[in-house]
1. Consider segment 393-419. How many of its residues are within 24 Å of residue 223 (Cα to Cα) and in contact with an Asp or Glu (Cβ under 8 Å, 6 or more places away or on another chain)?
2. Pick from 242, 210: which is in contact (Cβ under 8 Å) with a residue 12 or more places away in the chain, surrounded by 13 or more Cβ atoms within 10 Å (Cβ to Cβ) and in contact with a Ser or Thr (Cβ under 6 Å, 6 or more places away or on another chain)?
3. How many residues does segment 343-372 hold that are among the basic types (Lys, Arg) and either closer than 20 Å to residue 308 by Cα or not in a loop (DSSP other than H, G, I, E, B) (or both)?
4. Hey, can you tell me all the residues within segment 208-257 that are among the acidic types (Asp, Glu), over 24 Å from residue 193 (Cα atoms) and not in a helix (DSSP H, G or I)?
5. Please go through segment 290-323 and give me each residue that is at pLDDT 85 or above, hydrophobic (A, V, I, L, M, F, W, C) and either in contact with a strand residue (DSSP E or B) (Cβ under 7 Å, 6 or more places away or on another chain) or surrounded by fewer than 16 Cβ atoms within 10 Å (Cβ to Cβ) (or both), ordered by number.
6. Quick one: which residue in 423, 412, 416, 347 is in contact with a Phe, Trp or Tyr (Cβ under 6 Å, 6 or more places away or on another chain) and crowded, with 17+ Cβ neighbours inside 10 Å?
7. Within segment 299-321, take every residue that is closer than 22 Å to residue 287 by Cβ and in a helix (DSSP H, G or I) and give me the one that is nearest to the chain's Cα centre (by Cα).
8. Which pairs turn up if I take residues in segment 165-182 that are under 14 Å from residue 201 (Cβ atoms) and among the small types (Gly, Ala, Ser) and look for partners that are surrounded by 14 or more Cβ atoms within 10 Å (Cβ to Cβ) and modelled with pLDDT of 60 or more with beta carbon separation below 7 Å, at least 6 apart in sequence or on another chain?
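The values are calculated or read from the model by the stated rules, or taken from the named source; none is laboratory data. Remember, predicted model here, so these are calculated numbers, not experimental data. Cβ atoms come from the backbone with ideal geometry, glycine included; neighbour counts cover every protein chain shown.
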Amino acid sequence: MADCCTLQPSHPTLLDDEITALSLQLEEIGIYSQSKKGKYAVNKAPDIELAYASFQAELGNYKTFIADQQLARSIGAAVNSDGVIIAQLTSEEIQSHEDRLVALQISNKDAEIQSPPGRVAEETGKTVLDWISTATESQYAGSIVDFSDTETDAGPSVSYAARQEAALKNLSKHFKCAVCHENFHSRLIVSLPCNDRYCIDCLKGLFIRATKDDSLLPVRCHQQPILLQLVSKHLSADELAAFELASLEFHTVDRVYCSNRDCGRFIPPGRVEQGTHRAVCERCNTLTCAICKNGYHHGMDCPDDPALRETRALAGEEGWQTCYRCKSIVMIKSGCNHMTCRCKAEFCYQCGTAWKNCNCEYANEARMLERAEEIVDRDAVVVLQPIERQRRVRQVHHELEQNHECGHPGKFQRIFHGGRRGFRCEMCDTRHWKYILQCRHCHINVCEDCRRNRV
């Protein structure tokens, strides 16, 4: 009898057979018990009757256990198959309650809105937070239902329970956003390939800014690309379309913009006719010549752009260089000949060819010395004596020669105490007053945003 009660069904599909067999056994014992009634004195049942009664109770308990296991598997299967829908509905409920919590916090800070009594507001806020915590744990627990063959039918193993407990603990954690430095629930944080964590609003804001600032493209953090899939569900249809258009513009080599000066919209390559070079603006329907980028020449060959020819001639006279990829004109002030255009093309400033495809010197000595002097004067807290200044210039000049192709490895150092002038980011030209980040190798000064998303 003991062996019968400890048997485990070998597979979920055998549960129905087990229950049927147990029901038949209980029915037979019931018939036998009815046939023996009245054949012995009350409270003096023979040992065989006591044994049958005990066996009947054990079979009943085992049948209840099998039925409960069958119900648990049925619920688990339902959660597993409908997990996506359950998670979506729960997420919507959580968002609704979080919006309510934000509204309560705003109303508490607004003097013109009548606030509820402090005790009521505190209890309401606590109720909302408790509900969010419970709901998110339930949502996550429902998403990790597992029917792995490594688990026994008697119940979850210790390792599985430990994994589930650890997962729930992680879900209830709060993390700090690397950009705004606010703490957010783990559900509202996105982990990036560089191991930085962004809140949804900051990550969304980065992609939206990239639609207007191509120096942020391709979107990246610490030189690691950020996939659009991480934020696409949080962008509206218009925001997503704007980003995709900006990304297409960035990757287009010979860009065409609407010749209507009141419009100036980028015209995708798909709206440029290959034979006639006629580009049609999808916003104002203006026709533009894809060769000279002026108004379309109806029935005439393109005479090229005389203004552009004059600009190119001036660039040649001044020693400016033209990017071989996007045709932008660039001017160097100081530093080496290694140029990196906004379109991310790298070329030699002296001859204009792709970097490392020429025999030019890596730098102009005068410009390198000028850059060293610029760094020393920028970082000097007080006016330096001529001898000390020359010593520092020689030291920095040597470091620049060693790191003229700096990839900015390792962590940047923070420089504080910028004085009245503050600090200027050498990438976005923004002024900062608290501190600036400086590369330990090439001494470039950049702000936090540029260190993450532009360097």
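1. 1
2. 242 is the lone residue from the list that is in contact (Cβ under 8 Å) with a residue 12 or more places away in the chain, surrounded by 13 or more Cβ atoms within 10 Å (Cβ to Cβ) and in contact with a Ser or Thr (Cβ under 6 Å, 6 or more places away or on another chain).
3. First, pick out the residues of segment 343-372 that are among the basic types (Lys, Arg): 344, 356, 367, 371.
Now restrict to residues that are either closer than 20 Å to residue 308 by Cα or not in a loop (DSSP other than H, G, I, E, B) (or both): 367, 371.
Here the count works out to 2.
4. Selection gives 254 alone.
5. Answer for segment 290-323, where residues must be at pLDDT 85 or above, hydrophobic (A, V, I, L, M, F, W, C) and either in contact with a strand residue (DSSP E or B) (Cβ under 7 Å, 6 or more places away or on another chain) or surrounded by fewer than 16 Cβ atoms within 10 Å (Cβ to Cβ) (or both): 290, 313, 314, 315, 320, 323.
6. Working: 423 fails: in contact with a Phe, Trp or Tyr (Cβ under 6 Å, 6 or more places away or on another chain); 412 fails: in contact with a Phe, Trp or Tyr (Cβ under 6 Å, 6 or more places away or on another chain); 416 fails: crowded, with 17+ Cβ neighbours inside 10 Å.
Being in contact with a Phe, Trp or Tyr (Cβ under 6 Å, 6 or more places away or on another chain) and crowded, with 17+ Cβ neighbours inside 10 Å holds for just one of 423, 412, 416, 347, which is 347.
7. 308
8. Between residues of segment 165-182 that are under 14 Å from residue 201 (Cβ atoms) and among the small types (Gly, Ala, Ser) and residues that are surrounded by 14 or more Cβ atoms within 10 Å (Cβ to Cβ) and modelled with pLDDT of 60 or more, the close pairs are 178/196; 178/197; 178/198.
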